[in-house]
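A short write-up of the structure that comes next.
None of the figures in this text is laboratory data; all of them are computed from the coordinates on show. Note that the structure is a prediction, hence the values are computed from the model and not measured. No Cβ is skipped: glycine too gets one built from the backbone with ideal geometry, and neighbour counts run over all protein chains shown.
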Amino acid sequence: MTARFFLLSIFFSIFSTHASAQNQFEIEFPYGNERGIACQVFEQAFQNKPKETSFVIKRESNKLFFETNDPKWFKQLFKKSKDGIAVDIVSKDRYACETSVEPSQIKGKLLKPVYAGDLKRGLKPHEQNRYRVEVGTIPISMLKSDLEFNILFLNNNKLCKYYTIYNLESYPWGLLDMGVYLDSITYKNDKIVTQNEQAVTRYKTLQFIIPFEKNKSVYDSSDIKPLYDSLRLTDFNIKTIDIKAYASVEGSKQRNMELQQERGSSIAASLQSFQSPEIETNITTSENWVEFFNDVKNTSYATLTSKSKEQIKAALTGSTANELEPILAQHRKAVVTMELDKIDVYKNKSINELTSLFNTSIATDELDEARIIQNSLLEKIRIAASPESLEGIEVPNQKKYIDFMNKNLMYDYLIDVRKSLIVYNKLQELEKQDPKNKRIQYNLAVLKFILWRNNALDVKPQDFKKEIKSLTNYGINPSLVDRMMINYHIVNAEREMRKRNYNEKDKSVLNILSTYNRVPLTDQDYLSLAQFLTYYAQNMEAVKLLAPRVQEITIDEDLLFYYLNLTLIDKRLTQTNAYRTILLNASNLNQERFCKLFNPSLEGGVTFQLLEDGYLKNSYCENCVN
């Protein structure tokens, strides 16, 4: 998934416990009622700031510039001669692991303020739809340090707002994936399902867990064969294997990693022995701190959760290790994710050859063989992105062939979503021949969502809602109908929001909150829902949605890091043992990405000033500093 970035400005109320010590350049630090009176006009200006208005401090060599996309708002902000901006240059050295952070209103080097007259005169156009003014110079002594630049907004030389810039990662989001109905529900996105769901024929990806015995590193083919057979892999080839091998946390980390690498390689070799096509394999190893913290908190050894990793390892010896062995045994395992390809007996045939074979099978009424050929043919056409090849497929316009026609039409849509309306109209014609066909009814609803959301079809919302609910009458699984109802309210909320019908928008949001727990969700679904909720100012509901998932080691990496974006600046969450588990999970999934969160905000990090929080600093120092 491609990620994009945006800058989020967060301000903190200023308290003047240490005002006298920080009274530089005659800046005053009001608080309480005094601050409320002094900053009233300024506060109103920020409250009325258009949501599209943005600003940031940009650096060029040793020069600092205040940059905005809204010069009108900027000039209205500074009215009095002593209204202005000052920059607090903060060095990452402040957060060195071997030192403690002393609370301070000014965190670094405070530059001389720039006041209203110079700000307004100096503001000049810069690049596309941007304007900027110089606000200071970095001291020579700080040029080689990792730096961030906080903004002090001054009203008559009184500090009213102190801004830290957070660089938070976001992702594209949309409707929950409803898939399309071919032979069965086939999803456009690759799905991950568990072994228990037994849905391998419908998905391209399968995930399962293999436990490890203590001190055992080699797996024989006979160990894996029952699993291989139970997953019905005789009908599939394994294209790729991703193995995340976890060691229990006691003992030497180096030895744990070596053992897990051996175990992962042994599993891959055992699976490879059952097929001749070579399997592309990726193996990663880590110690299972996540489940250790989750499980030990419910034992008499719960105090271990507050100790460092080194202290925990030192404690997990002798009788303690023996007593905790039933828990530790559950932590030695591999999470194996396999991408599967259905074995295709026609894989060496060309599109033209398959088209001819399919047409012959239809003409001679060999329909079972025709289905196999059609699946191979359509997948080749999809991969080649060659929709014109569909024109060579000959299917008589008769009811007994309607599922073949349905499948051809939906592949036309999958290859080119711009054909949604054309396919929708053709499906309506098929519906007349077989009005009770559940595949056609489901696909009509899927296409109507696309057309409704893009204003390509006149859809009456209440009538469409009834159509969705009636799908159960055709034998569609109720959980799929609930999934569609969530999407209905996602689209409806968007449309009501544009019309400023806020009450109706709120009703749709509440409907989603009351429905999503009835629907099996993939991590992509969780991500879409969480971003939908945050867009409509339901941040706490988004956190609540993700909270159970983020402590599981099988979580998708992007979903976990999105959760961190939502919560890293909330000290009510970060200062808990549960949050430490989440941070360890992120570090295990991608240590480089986790540590990068604490890089300077202008260099791809969120901000290293997160390390003002002692709990976050401990996690950073434990996982990112050698």
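Annotations for the structure displayed:
- Between 0 and 90°, nearest 10: helix 577-589 axis offset from the chain longest Cα axis: 60 degrees
- Principal-axis tilt of helix 318-331 within the chain, Cα atoms, nearest 10 degrees: 50 degrees
- Helices in the chain, meaning DSSP H runs of at least 4 residues, each add -39500 (n - 2.57). Divided by all residues, the mean residue ellipticity at 222 nm is -13500 deg cm²/dmol.
- Ascending count of other beta-carbon atoms within 10 Å, so fewest first, for 518, 483: 518, 483
- Computed extension gain for residue 465 through residue 382, at 0.36 nm per residue and net of the alpha carbon distance, reaches 26.7 nm.
- Here the chain is treated as a Stokes sphere of Kirkwood radius computed over C-alpha pairs; at 20 °C and 1.002 mPa s its diffusion coefficient rounds to 74 µm²/s.
- Length-normalised contact order for the chain - Cα pairs under 8 Å, 6+ apart - percent: 13 percent
- Stretch gain in nm, segment residue 494-residue 539, where the contour uses 0.36 nm per residue and the Cα spacing is subtracted: 14.5 nm
- Computed FRET value (nearest 0.05) for residue 215 with residue 309, which takes r as the C-beta separation and R₀ as 30 Å: 0.90
- Theoretical FRET efficiency, 1/(1+(r/R0)^6), r = Cβ-Cβ of residue 596 and residue 351, R0 41 Å, to 0.05: 0.35
- The modelled label-to-label distance for the pair residue 515/residue 101, using points 7 Å beyond Cα in the direction of Cβ, is 4.2 nm.
- For a straight C-alpha distance cut-off of 17 angstrom, the lysines reachable from residue 460 (same-chain residues fewer than eight places away being disregarded) are 448, 469, 499, 505.
- Taking a straight Cα-Cα cut-off under 25 Å and skipping sequence neighbours fewer than 8 places away in the same chain, the lysines within cross-link reach of residue 347 are 188, 191, 204, 239, 380, 407.
- Spacing of the modelled spin labels on residue 428 and residue 53, each 7 Å from Cα toward Cβ, amounts to 4.7 nm.
- Taking the fewest neighbouring Cβ atoms within 10 Å as the starting point, the ordered list for 255, 263 is 255, 263.
- For region 381-522, the relative contact order is 16 percent, taking Cα pairs closer than 8 Å that sit 6 or more residues apart in sequence and dividing their mean separation by the residue count.
- Between residue 278 and residue 61, the FRET efficiency from the beta-carbon distance, with R0 = 56 Å, is close to 0.60.
- Net +/- balance of residues flanking residue 501 in space, Cβ distance below 11 Å, scoring K and R +1, D and E -1: +3
- Descending semi-axes in Å of region 414-624, equivalent ellipsoid built from Cα gyration tensor: 41, 18, 16
- Sequence-separation-based contact order of region 414-624, relative, with Cα cut under 8 Å and 6+ spacing, percent: 10 percent
- Set 109/144; 92/161; 112/161 screened for pairs whose C-alpha atoms are more than 20 Å apart: 92/161
- Stretching the chain fully between residue 252 and residue 557 yields a gain of 107.2 nm (0.36 nm per residue, less the alpha carbon separation).
- The order of 148, 134, going from fewest to most other C-beta atoms within 10 Å of their C-beta, is 134, 148.
- Comparing 176, 69, 550 along the charge dipole axis of the chain, the residue lying farthest to the positive side is 69, per the Cβ-charge model.
- Mean-position separation - Cα centroids, region 339-418 and region 489-513, in angstrom: 40 Å
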